[in-house]
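Asker: Please see the structure below; I have some questions.
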Amino acid sequence: MSYFKPINKHPNLEKNKLGLTRRDYEGGVSTLCAGCGHDSISACIIEACFRLNIEAYKVAKLSGIGCSSKAPAYFLNASHGFNSVHGRMPSIATGANCANEDLLYLGVSGDGDSASIGIGQFIHAIRRQVNMVYFVENNGTYGLTKGQFSATNDLESKNKYGEDNLFPPIDLTSMAIQMGASYVARSFSGDRDQLVPLIMGAIQHKGFALLDIISPCVTFNNHDSSTKSYDYIRNHNEAMGKTDFVPLGEEIKTNYDDGSSVEVKLHDGSRLSLEKTDHNFDPTDAGKSLELIREKNKEGKIITGLLYVDNKCKPLTEIMDLPDKPLNTLEQDELCPGSEILEEINKGLS
Amino acid sequence: MSDKKYLFKRNNVWWVKLAVPLSLRSELGYDLRRTTGEKDLDKAIPIRDKIIEEFKTEFQIRKVNADDKGIVLRGTEHMQKTDISDPQYFHKVVDCQYACPAHTNVPEYIRLIAQKKYDDAYMLNWESNVFPGILGRTCDRPCEPACRRGRTHDKPVAICRLKRVTYDYKNDIDPYLPDIPKVKNGKKIGLIGAGPASLTVARDLLPLGYEVTIFEKDNKPGGLMRTNIPSFRLPAEVLDEEVYRIIKMGAELKTNSYIDSLEKVIDSFDAVFVGTGAPKGKDLEIPGRKEASENIHIGIDWLTSIAFEHTKSIGKKVIVIGGGNTAMDCCRTAIRLGADDVKVTVRSPKSDMKASDWELEEAIDEGIPILDNTSPKEFLLDDEGKLKGMKFEKMEAQYTDGKRKLIPTGEEIIIECDDVLLAIGQDNAFPWIEKNIGIDFNEWDCPVVDKTTMQSSHPKVFFGGDAAWGPENIIWAVAHGHQAAISIDNFCSEVDLFDRPPPLTNLVSQKMGIHEWSYDNDVSQEARLEVPHADLKQALNDLKMEVELGFDEKLALDEAQRCLNCDMQTVFQEKLCIECDACVDICPTDCITFTTNDTEEKVREKLRVPALNLDQDLYVSGKLATGRVMIKDEDMCVHCGLCAERCPTGAWDIQKNNYIEAHNLNKGRVKAKEVA
């Protein structure tokens, strides 16, 4: 296992508007198993942050427990981080969000952390519309405890030791749409061309963004009878056309035939352009999204792409009518209005 | 009327003729012609169309890249899967070894130094370049500009000075020398000149049982290594050790034996090798040359007379004319002989000088001014007819289309001097080879020698070193010697000279994992280390004091850590790959891309970092499960092996590429392998 990566980089490496290269967004060398899908997701997060010219010190990485939750150590070394107890990352994210809404919150969780022990927390973070990107690095297995079934494992799937899975899976995307998540996408760690724009869109979105990313566990869930192996996903993936992220003020370069693309404007004015494969599909209609997911599940297909987006939603801090300034920057005189105003209030009460 | 475009008739048969585009004319000639084989015009036309298509594809393929680096991008087809069974593919990745004329396995000996296995490191060098101690001090180092580290970092690894380390720190290596058969094979070989080329031939042939006789005109062997390289660069004991090692292997050395007729000796031998160098220094025929001849010296002859201690002094003011390494040796020697005002003049601008950068630097460091753009006009004499100075004219260099022209400016300068040393080039000279014995000479009076076999037009006579194609350097002479020895062995065994042994190659999978990596992949990020020098004041007063002291052990080990181990090859097997991208993410220099195949030009553009260095190959895999291919740009790979270490399926493997260029020392090994 390697414990270092040479510091020298390609002299012609591309630089972003901040003058940084992709490598400046890296973290420590991963200690996950070689070939883990989670590492690909980390690389996609690095790529997305690089392309969006994000300043790493304005990012907070939050996680719970599990292989997935180790991942924040492997990207954005210069960011803030908080590793919570198992399944409790959504609470930490909610609190942090209220205290300082200026940071970009990247929550990294897994199927165990979000669909089992932390499912209650997960649902309430969605319901409250916490402004964050919530990654579920979904491998359908408990890798850290040697390969038991998780709650997202498909019914027909067997584990590495040949045992059958007896219980049906939880579909996190349908659940999130029903709970009111305003940006819901599913993707595959092995499809960077799709995943990077989806992450970029999620970062620019204001509100709860769920990315359910199927991320094969090479050690415990990449065998022939697995439905979350590299081969199975590649053979059953039904990608919803090409997704392009178009930053604010840039032209759309991909040309689709008239009517074959949908454009979604994000909060900051940047856009996501989606190639339509199904003409009836409208990603802003929750009912149709749920129908599509159910239909494809029935067919045994895994639908990937942007499944639902509501770009008019109000994030938690707006719902709660918090001040524009982050709470953690409010000074004494702003927090305590003074005895005169107190007296006035008291007068009003008498 | 039928369409006769591109067609013409010859002997009643229709031929096709297509003009070659201007840019390709030097390569393909004015036009391309081919017969349709048809006498009937109607039948010829469809064939013509096919031929024209082929011709046009040919033009396309040769269309040189816009950078005009002279590299042909392989055409309009999708890229082919790289054939790694071709030993040259991975050989080329090891830039230093590929650039070395003798193809010394540089990374391997640097690793041996890092393990303090100096004897092994020396022997690895000795087998391939014969004179590690000499070359470690004097080599022209084609390996260093090629070194990958010069691209990934700043300056190349000090390969040459590490070679010297193997000499300086080795113990007695005699037990490792090849056995010389007591029973000879009955073939006698004559070698003329005891320079590096002949000595290499002798070393390669002696272990095979040949009886070898070396003729040397001077009283000691070594050739130009002895006569023209001053001892402050190459101490005599280093030279003697490595030269006499070969003589002691059983060569018969005849010193003071100038051969004045090839015809006289040719019949005494089964084959003759000519390694007489380029011994004639060029003269400068300008006014005053004859009158002042007493104080005008041909540089290489002058250096020789110093080497043999015939000359021990020179005037106070000395002008050295010339811009090559000989000029640098002359000026530095003059200062040590007691001259206090030495100047070097050269016609061209300094940037175009032929001297190696480091030799020029050393001369400048010793306080010698280099007057460039200065062209000699006349030797000036005083009233007594003795040399008193020289007249020069200043030149100006003009560059048009990359070609240089030196334009006289009319400005004249006069420099006082007591002696002048001419170092303006060397020629081959073969007054001793009879013109009627079957050796052809070309228009420049050089022998006609085959580039592969080193054989002349006389089947028994072989050439090598400077004697073959004019002045080069020691390492080329060694490379020629190896090839000539193979040819002589083939010739004496009645084997076709072009049936040459292949290089020995081996790819061996390497162990990896924390604390058990088979090589040190955490290379030093330090800058190139400087070699310590002797105190300048002392050195300038002592002709024999070596200026460069060489690395001490600590410096040597630190410098060895800078090597990137480019012989540790990344070998890819597409059938094992699950396209998880782990290698792409871990690669520190972004060399690996998974993408759809395309033409080389397009592929080079769409990699993670575009591959702009056309000298470096792309490693292309076969088709993967998703229809994509893996493409690795070899250019910036630091050979850290992390791609293989991160690969969950072993699709990437690090394999050490052992490439040993063919020479006769291998012959026994090849035979053993064949039997096995």
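The values are calculated or read from the model by the stated rules, or taken from the named source; none is laboratory data. Here the structure is a predicted model, which is why all the values come from computation and not from measurement. Don't worry about glycine lacking a Cβ; one is built from the backbone with ideal geometry, like all the others, and counts go over all protein chains shown.
Asker: Working carefully through the options A:CYS67, A:CYS49, find the one that is touching a Gly at 6+ places or on another chain (Cβ under 6 Å) and more than 9 Å from chain B (Cβ to nearest Cβ). If you could, list the steps in order and put the result at the bottom.
Answerer: On the way: A:CYS49 fails: touching a Gly at 6+ places or on another chain (Cβ under 6 Å).
When all the criteria are applied, what remains is A:CYS67.
Asker: While we're looking at this one, here's another question. Among (1) touching a helix residue (DSSP H, G or I) at 6+ places or on another chain (Cβ under 6 Å); (2) surrounded by fewer than 22 Cβ atoms within 10 Å (Cβ to Cβ); (3) in contact (Cβ under 8 Å) with a residue 60 or more places away in the chain; (4) of a type outside the set (Gly, Ala, Ser), where does B:LEU253 come up short?
Answerer: So the condition that B:LEU253 fails would be (3).
Asker: Exactly one of (1) in contact with a His (Cβ under 7 Å, 6 or more places away or on another chain); (2) within 30 Å of B:ALA611 (Cβ to Cβ); (3) acidic (Asp, Glu) is unmet by B:ASP154. Its number?
Answerer: So the condition that B:ASP154 fails would be (1).
Asker: Would you confirm, using the coordinates I've provided, whether B:VAL183 is in a loop (DSSP other than H, G, I, E, B), touching a residue at least 24 places away in the same chain (Cβ under 8 Å) and either touching a Gly at 6+ places or on another chain (Cβ under 6 Å) or surrounded by fewer than 16 Cβ atoms within 10 Å (Cβ to Cβ) (or both)? Break it down into steps so the answer makes sense when it comes.
Answerer: Values: in a loop (DSSP other than H, G, I, E, B): yes; touching a residue at least 24 places away in the same chain (Cβ under 8 Å): yes; either touching a Gly at 6+ places or on another chain (Cβ under 6 Å) or surrounded by fewer than 16 Cβ atoms within 10 Å (Cβ to Cβ) (or both): yes.
Here the answer is yes, as B:VAL183 does meet what is asked.
Asker: In addition: Are any of the residues in the range B:203-210 surrounded by fewer than 18 Cβ atoms within 10 Å (Cβ to Cβ), within 22 Å of B:ASN490 (Cβ to Cβ), in contact (Cβ under 8 Å) with a residue 24 or more places away in the chain and of a type outside the set (D, E, K, R)?
Answerer: Our first condition is that a residue be surrounded by fewer than 18 Cβ atoms within 10 Å (Cβ to Cβ); within the range B:203-210, this holds for B:209.
With the extra rule that they be within 22 Å of B:ASN490 (Cβ to Cβ), the set shrinks to B:209.
When the remaining residues are screened for being in contact (Cβ under 8 Å) with a residue 24 or more places away in the chain, the result is B:209.
If we keep only those that are of a type outside the set (D, E, K, R) too, we end up with B:209.
Yes - at least one qualifying residue is present in the range B:203-210.
Asker: Considering only the range A:1-26, state which residues are outside any loop (DSSP other than H, G, I, E, B) and either of a type in the set (Lys, Arg) or in contact with a Ser or Thr (Cβ under 6 Å, 6 or more places away or on another chain) (or both). Walk me through it before giving the result.
Answerer: Step one: of the range A:1-26, the residues outside any loop (DSSP other than H, G, I, E, B) are A:22-26.
Listed by number, the residues that qualify are A:ARG22, A:ARG23.
Asker: Can you tell me which residue is surrounded by the most Cβ atoms within 10 Å (Cβ to Cβ) among those in the range B:211-250 that are of a type in the set (Gly, Ala, Ser) and part of a loop (DSSP other than H, G, I, E, B)?
Answerer: Initially, the range B:211-250 is screened for residues of a type in the set (Gly, Ala, Ser), giving B:222-223, B:231, B:236, B:250.
So of that shortlist, the ones also part of a loop (DSSP other than H, G, I, E, B) come out as B:222-223, B:231, B:250.
On the way: B:GLY222: 25, B:GLY223: 27, B:SER231: 20, B:GLY250: 17.
Top of the filtered list is B:GLY223.
Asker: Let me ask you something else. Here is a check on your reading of the model: is A:SER273 loosely packed, with under 10 Cβ neighbours inside 10 Å and among the hydroxyl-bearing types (Ser, Thr, Tyr)? Please lay out each step first, then the result.
Answerer: Numbers: loosely packed, with under 10 Cβ neighbours inside 10 Å: no; among the hydroxyl-bearing types (Ser, Thr, Tyr): yes.
So A:SER273 does not fit the description; no.
Asker: For residues in the range A:1-26 being buried (at least 16 other Cβ atoms within 10 Å of the Cβ) and among the acidic types (Asp, Glu), which is nearest to the other protein chains (Cβ to nearest Cβ)?
Answerer: Among those that are buried (at least 16 other Cβ atoms within 10 Å of the Cβ) and among the acidic types (Asp, Glu), it is A:GLU26.
Asker: Here's a follow-up. Those residues that are among the charged types (D, E, K, R) and more than 14 Å from chain A (Cβ to nearest Cβ), I need them from the range B:478-537; list them, please. Spell out how you get there, then give the answer.
Answerer: Kept after step one, since they are among the charged types (D, E, K, R), are these residues of the range B:478-537: B:489, B:494, B:496, B:499-500, B:511, B:516, B:520, B:522, B:526, B:528, B:530, B:535, B:537.
If the condition is that a residue be among the charged types (D, E, K, R) and more than 14 Å from chain A (Cβ to nearest Cβ), then B:ASP489, B:GLU494, B:ASP496, B:ASP499, B:ARG500, B:ARG528, B:GLU530, B:ASP535, B:LYS537 are the ones that fit.
Asker: Can you pull out every residue in the range A:249-268 that is within 20 Å of A:ASN53 (Cβ to Cβ), at pLDDT below 75 and of a type outside the set (Gly, Ala, Ser)?
Answerer: Within the range A:249-268, A:GLU250, A:GLU251, A:ILE252, A:LYS253 qualify.
Asker: Return the total of residues in the range A:69-114 being surrounded by 24 or more Cβ atoms within 10 Å (Cβ to Cβ) and without any contact (Cβ under 8 Å) to a residue 24 or more places away in the chain.
Answerer: So the answer is 0.
Asker: Does B:GLY136 satisfy the criteria of being out of contact with any strand residue (DSSP E or B) (no Cβ under 7 Å at 6 or more places or on another chain), modelled with pLDDT under 95 and not in a loop (DSSP other than H, G, I, E, B)?
Answerer: Numbers: out of contact with any strand residue (DSSP E or B) (no Cβ under 7 Å at 6 or more places or on another chain): yes; modelled with pLDDT under 95: no; not in a loop (DSSP other than H, G, I, E, B): yes.
Considered against the rule, which asks whether it is out of contact with any strand residue (DSSP E or B) (no Cβ under 7 Å at 6 or more places or on another chain), modelled with pLDDT under 95 and not in a loop (DSSP other than H, G, I, E, B), B:GLY136 comes out as no.
Asker: When the residues of the range B:131-153 are filtered to those that are farther than 18 Å from B:TYR659 by Cβ and of a type in the set (A, V, I, L, M, F, W, C), which remaining residue is nearest to the chain's Cα centre (by Cα)?
Answerer: B:CYS139
Asker: Taking the stated definitions as given, is B:CYS139 within 19 Å of B:GLY550 (Cα to Cα), crowded, with 23+ Cβ neighbours inside 10 Å, in the same structural domain as B:VAL531 (by TED's automatic domain parsing) and in contact (Cβ under 8 Å) with a residue 60 or more places away in the chain?
Answerer: Numbers: within 19 Å of B:GLY550 (Cα to Cα): yes; crowded, with 23+ Cβ neighbours inside 10 Å: yes; in the same structural domain as B:VAL531 (by TED's automatic domain parsing): yes; in contact (Cβ under 8 Å) with a residue 60 or more places away in the chain: yes.
Spelling it out, B:CYS139 is indeed within 19 Å of B:GLY550 (Cα to Cα), crowded, with 23+ Cβ neighbours inside 10 Å, in the same structural domain as B:VAL531 (by TED's automatic domain parsing) and in contact (Cβ under 8 Å) with a residue 60 or more places away in the chain.
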